[in-house]
Amino acid sequence: MEDLNITLFYLTLRNQPVHKKPIFKAVKSKLAIQEEFKEVIGKILSDLSCERWWEDLKQLTTFNRWSFSPDLINAERFIISRFESFGLKPELMPVEVPSKVTRTTTSSNNIIVVLEGSDPIRRNDRYIVSAHYDSVSQIPEKKAPGAVDNASGAAAVIEMARLMAIHRPRSTIVFILYTGEEQGFHGSKRYVNENLANETSESIRLAIVLDMIGYMDGMISLSSDFKIPPTHLP
């Protein structure tokens, strides 16, 4: 009843006619939606696996994900296989990535998964969840594992895609793993420029970028019995 009391108080201050019955119905409807929302979120969170996120993160760090490393294609294949294991169909967007050091250009791919919404009307609304999967280091020719930057974010996108494949949303979610971020946001620029050039941009309601979400100071506890010491996140 707190929402109802606040509404009535507000209308009284504005000297507006107060009709309790329709307001009560509106507030009751709002509260019902909130309860439904809590229930849906609860189901999704119950299926969330920190352990799965951690395993994907660790696997990504086994690849040299520097944009000019031949090993980057193996990271790409791993990500594609993960999406496909959820019954999703990833698409590739080629991106040219120039090097200021070697004066050469290499080509790699943005990895995109479009999960169409279940609602015939709301599926036109698009929500973007993204991260970059490339990495860099002080010795990128030898290794660039990038656990925090940005295997942590890329693994989170993979886990979110798995959850949404199970709990299909009403609106459309676009999962994107960008390439070429460390060399100047080439992957995200390519995606943005292509989408701003057509009507797709008008349907984008929200964009979430997950970058270095594994950054921390000290011990992180993901659950009561699952802990990651700082030494495991180089």
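Observations, loosely collected:
- Filter result (part of a helix (DSSP H, G or I), among the charged types (D, E, K, R) and surrounded by fewer than 19 Cβ atoms within 10 Å (Cβ to Cβ)) within region 82-93: Glu84
- Residues in region 174-184 that are modelled with pLDDT of 95 or more and surrounded by fewer than 21 Cβ atoms within 10 Å (Cβ to Cβ): Val174 alone.
- Residue in region 119-135 that is among the basic types (Lys, Arg), in a helix (DSSP H, G or I) and more than 12 Å from the chain's Cα centre (by Cα) present: yes
- In summary, Ile176 fulfils each of the numbered conditions (1) out of contact with any Ser or Thr (no Cβ under 8 Å at 6 or more places or on another chain); (2) farther than 28 Å from Glu36 by Cα with the single exception of condition (1).
- Among the conditions (1) under 17 Å from Leu72 (Cβ atoms); (2) in contact with a Gly (Cβ under 8 Å, 6 or more places away or on another chain); (3) part of a strand (DSSP E or B), the only one that Ile173 does not satisfy is (1).
- Subset of region 193-208 [of a type in the set (Val, Ile, Thr) and surrounded by 14 or more Cβ atoms within 10 Å (Cβ to Cβ)]: Ile204
- Contact map, region 199-220: residues that are over 18 Å from Gly146 (Cα atoms) paired with residues that are open to solvent by 90 Å² or more (accessible area, probe 1.4 Å) and modelled with pLDDT of 70 or more, Cβ distance under 9 Å, separation 6+ or inter-chain. Pairs shown: Ser203/Asn124.
- The sole residue among Val113, Val148 that is in contact (Cβ under 8 Å) with a residue 60 or more places away in the chain and surrounded by fewer than 21 Cβ atoms within 10 Å (Cβ to Cβ) is Val148.
The values are calculated or read from the model by the stated rules, or taken from the named source; none is laboratory data. As the structure is a prediction and not an experimental result, all values here were calculated from the model. Ideal geometry is used to build each Cβ from the backbone, glycine not excepted, and the neighbour counts take in all protein chains shown. Surface accessibility is based on the protein's heavy atoms, side chains included, excluding ligands, DNA and RNA. Shrake-Rupley method; radii C 1.70, N 1.55, O 1.52, S 1.80 Å.
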